[in-house]
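Derivation of every value follows stated rules applied to the coordinates shown; laboratory data play no part. These numbers come from a predicted model, not from an experiment. Cβ placement follows ideal geometry from the backbone for every residue including glycine, while neighbour counts extend to all protein chains displayed.
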Amino acid sequence: MKHIISVLVENKFGTLNRVAAMFSARGFNLESISIGETEDTEISRMTIVTRGDDRIVSQVLKQLNRLVDTIKVTDLTHQPHVERELLLMSLKLSAASQREIFELINVFKGKVVDIKQKSITIEVIGSPDKINTAIDLFRPFGIRELARSGAVAIHRGEN
Amino acid sequence: MHTNGEKLNGSEIFFESLRRENVEYIFGYPGGALLKVYETLHDVEDIKHILVRHEQGATHMAEGYARATGKPGVVLVTSGPGATNTVTGIANAYMDSSPMVVFTGQVPSTLIGNDAFQEADIVGITRPITKHNFLVKDVRELASTIRKAFYLATNGRPGPVLVDMPKDVLNAICTFEWPESVEIRGFKPTIKCHANQVQKAARMIAKAKRPLLYVGGGIITSGAAEELRKLAIEQQIPVTMTLNGLGAFPGDHPLSMGMLGMHGTYWANQAINACDLLIAVGARFDDRVTGKVDTFATQAYKIHNDIDPTNVDKNIKVDLPVVGDSKDFLASVLEALPEAKEDHGAWLELIEGWRKQCPMDYTVEPDSLKTEFVIDEVSKKTKGHAVVITDVGQHQMWTAQYYKFTEPRSIITSGGLGTMGYGLPACIGAAFGVTDRPVILFTGDGGLMMNIQELVTAVHNKLPVKIFLINNSYLGMVRQWQELFHQEKYTFTDLEASNPDFVKVAEAFGCKALRADNPESALKAIDEALAYNDGPILVDFRVIRKDMVFPMVPAGASISDMLLARLNPKTMV
């Protein structure tokens, strides 16, 4: 099954490579990986989406922990968490499709970030599932280019 | 000797840091990026630099030294090709968990990434085969990085650490500060075993009818041989060892079952599949040990102690994982065990039956020489007390089967990576670390050639190593598989037409050399070699060319289905 893993790592050069190389060396699935600085500039947070049975995911977590540059590894899958991904997508635009496209943008609470005579660039934010659905539904209009950020995730706050 | 607060250049900081880490020997080779270091070395007297003839040799020497002494081995090589030549040795140390710190010179930091002369991204290249590695970009971080490198190499599960040092960093000057302590927030190995898990393990041990200890290199690394001996003898639990675990328990003790796995003893492998409790300590269920995993120890409740949590449930699912240092585990279990003991008499008798059914023995003919005989005689003559180094292949398995290791840190062999060419340099490294026991190498004619240049290092340093060359003029283990499983197509394994005269080769290097081709001349040569201490001595044992190592578990078979002899290769027992 799909797992979403949050990893705090040392904000040093080569850390991303160490993590990615470990996944490929051990033959683990790596669906997406995203990384950015945290409130502490010495620490970055990586969000990793992977797939595997319990035995494999348990190995993934242990192998992540074993890297010297990882500080904390958390499997968020079964914990209350918020998960978001950003989609930037440029679509073909025509007089005929314009209305439908704008309706769909509303459905996904997306935004228009750029518009030209024959193209429109939109952003959609949501869970990876929602992003998948959005891509499926926009596809008939003609996708010119798209970029996904990969998921980022965080624990839900406490009361 | 320098003090904190002194202004030093990078090279002086390098040596002062090694001094603080109590480094005795550096195995190295100079080069462009290291010129400043070798300039500084000119006036360093307390740390001895051993000049090798190939950087791969340096890494195996460092590992041989580390495994013989328990102290980290140190390597110093230049950038580019010097660095890339260390890759096999680093990978070897990584697979066998040997503590090692490799220092590589690097092109000046301003040139990094420019495809400069003798530039290689050695940090990138060695990331998957080091426990961790560093590129030092600022001379002010050199001392603390070296401190961290030694800390990482030797704590938790040991392993190789690489420190890449650009030329300008080695020239730059700063105030020397040796850090009092090391704090690495991402590295906190579990040493102490969880008390509840230990209690559970003790309860299982106390009530087991057919318990079996399966132990590996973790016993040697953690210095747990005494605790293991106590547990096995007090509870009357038989012990089987992995290749790198040999010596953890005395091989001449009745409870010792020798090695298990692909070329293990018949009785050890039968016992694995018959035991009701398997206590794995400091071992990692390697595929050469388990054979087919689905049939491995299926009747047993499995306890697994290892310091590296990734080893738990990696190859074999266990019932009771206990993460922590093996010495702590065994000591805690001993404490937790009740006074009353199960009687394991029937179990030990069952094992004895298997032992009698398929004993490890061989026949001696007056006109030909068997490797088993050579190793067995060396074992007897040294009373199992030597430090024995091997290369990789048939002679390695025969050594494991016939040399009766009686104490820890006695076998130094490439278990995980299976590196041909490991033996000679590893034995040289071991000889620098150990001077009160004979240091003996069993090697093959294939493996010896792979790093034969290091014979110079042995001769030049007058090391009294015994190089016992098991010469069948074949890549014997590959030949064995070709005969058994590859339609007897002996492609590129027959070396007879191309091998040199090894006695002459040795003599050209200035090494004393003998030859033996029958039991009588072999005994004479062994005696002469063991008595000779003025430098290295090589004995070219011309053994029976096509002998094979048995028993053997064919790849992918259950470990109790062993091939016992070549005459009937289709018969499974």
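The table for this structure:
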{"quantity": "Of all DSSP beta bridges in the protein assembly as shown, antiparallel share, percent nearest 5", "calculated": "45 percent"}
{"quantity": "Total formal charge among the other residues, if their Cβ is under 14 angstrom from that of B:Y490, Lys/Arg +1 and Asp/Glu -1", "calculated": "0"}
{"quantity": "Sequence-distant residues sharing a close amide H with B:I26 (under 5 Å, placed H)", "calculated": "B:K48, B:H49, B:I50"}
{"quantity": "Part-to-part distance (alpha-carbon centres) for segment A:47-66 and segment B:280-344, which is given in Å", "calculated": "22 Å"}
{"quantity": "Exercise: per-residue mean of other protein chain Cβ atoms within 10 Å, A:61-72", "calculated": "5"}
{"quantity": "Signed unit charges on C-beta, dipole axis of segment A:53-159, positive-most listed residue A:G150, A:T70, A:L88", "calculated": "A:L88"}
{"quantity": "Positive dipole terminus of the protein assembly as shown, leading residue within A:F141, B:A300, B:W347 (C-beta point charges)", "calculated": "A:F141"}
{"quantity": "Span from the segment B:516-570 Cα centroid across to the segment B:12-79 one, whole angstrom", "calculated": "35 Å"}
{"quantity": "Rg(Cα) / (2.2 N^0.38 Å) computed for segment A:82-155, rounded to two decimals", "calculated": "1.08"}
{"quantity": "Segment B:488-565: trypsin sites (Lys or Arg not before Pro) in DSSP loop, at most 15 other beta carbons within 10 Å", "calculated": "B:K489, B:R545, B:K546"}
{"quantity": "Mean ellipticity per residue at 222 nm, deg cm²/dmol - from DSSP H runs of n ≥ 4 across chain B, formula -39500 (n - 2.57)", "calculated": "-10500 deg cm²/dmol"}
{"quantity": "Packing-based exposure ordering (other Cβ within 10 Å, fewest first) of B:D517, B:D376", "calculated": "B:D517, B:D376"}
{"quantity": "Among B:N533, B:G393, B:N244 - extreme Cα towards positive end, dipole of chain B, charges at beta-carbon", "calculated": "B:N244"}
{"quantity": "Between 0 and 90°, nearest 10: helix B:371-381 axis offset from chain B longest Cα axis", "calculated": "80 degrees"}
{"quantity": "Cα gyration tensor category, rounded, prolate or oblate, for chain B with a/c compared to 1.5", "calculated": "oblate"}
{"quantity": "Extension gain (nm, one decimal) between A:Q117 and A:R99, 0.36 nm per residue minus Cα-Cα", "calculated": "5.1 nm"}
{"quantity": "Relative contact order (percent, whole number), chain A, Cα cutoff 8 Å, 6+ residue spacing", "calculated": "28 percent"}
{"quantity": "Simple Cβ-charge dipole of chain B, Lys/Arg +1 and Asp/Glu -1, about Cα centre, in debye nearest 20", "calculated": "960 debye"}
{"quantity": "Point-to-point label distance, B:I173-B:D115, nm (Cα→Cβ direction, 7 Å offset)", "calculated": "3.8 nm"}
{"quantity": "Radius 14 Å from Cβ of B:Y266, net charge of other residues (Lys, Arg +1; Asp, Glu -1)", "calculated": "-1"}
{"quantity": "Computed FRET value (nearest 0.05) for B:L484 with B:I544, which takes r as the C-beta separation and R₀ as 25 Å", "calculated": "0.90"}
{"quantity": "Neighbour net charge for A:T47 - beta-carbon separation under 12 angstrom, K R +1, D E -1", "calculated": "-2"}
{"quantity": "Lys, Arg +1 and Asp, Glu -1 on Cβ, resulting dipole of segment A:1-58 about Cα centre, debye, nearest 20", "calculated": "320 debye"}
{"quantity": "Those GluC sites (Glu not before Pro) in segment B:37-78 that DSSP places in a loop and that have at most 15 other beta carbons within 10 Å", "calculated": "B:E45"}
{"quantity": "Calculated FRET efficiency for the pair B:Q299/B:L51, C-beta based, R₀ 51 Å, to 0.05", "calculated": "0.40"}
{"quantity": "Overall form of segment A:1-49 per C-alpha gyration tensor (a/c, 1.5; a/b vs b/c)", "calculated": "oblate"}
{"quantity": "Projected label distance in nm at A:A25 and B:E507, using a 7 Å step from Cα toward the beta-carbon", "calculated": "4.7 nm"}
{"quantity": "Cα centre as origin, Lys/Arg/Asp/Glu Cβ charges: segment A:60-159 dipole, Debye", "calculated": "200 debye"}
{"quantity": "Nearby lysines by direct alpha-carbon distance to B:K512 (threshold 16 angstrom, same-chain neighbours under 8 apart not counted)", "calculated": "B:K462, B:K466, B:K504, B:K524"}
{"quantity": "For segment B:195-357, alpha-carbon Rg over 2.2 N^0.38 Å", "calculated": "0.92"}
{"quantity": "Ranked packing of B:444-453, B:389-398, most packed first, by mean Cβ within 10 Å", "calculated": "B:389-398, B:444-453"}
{"quantity": "Acute angle (nearest 10 degrees) that the helix A:15-25 long axis makes with the longest principal axis of chain A, alpha-carbon atoms", "calculated": "90 degrees"}
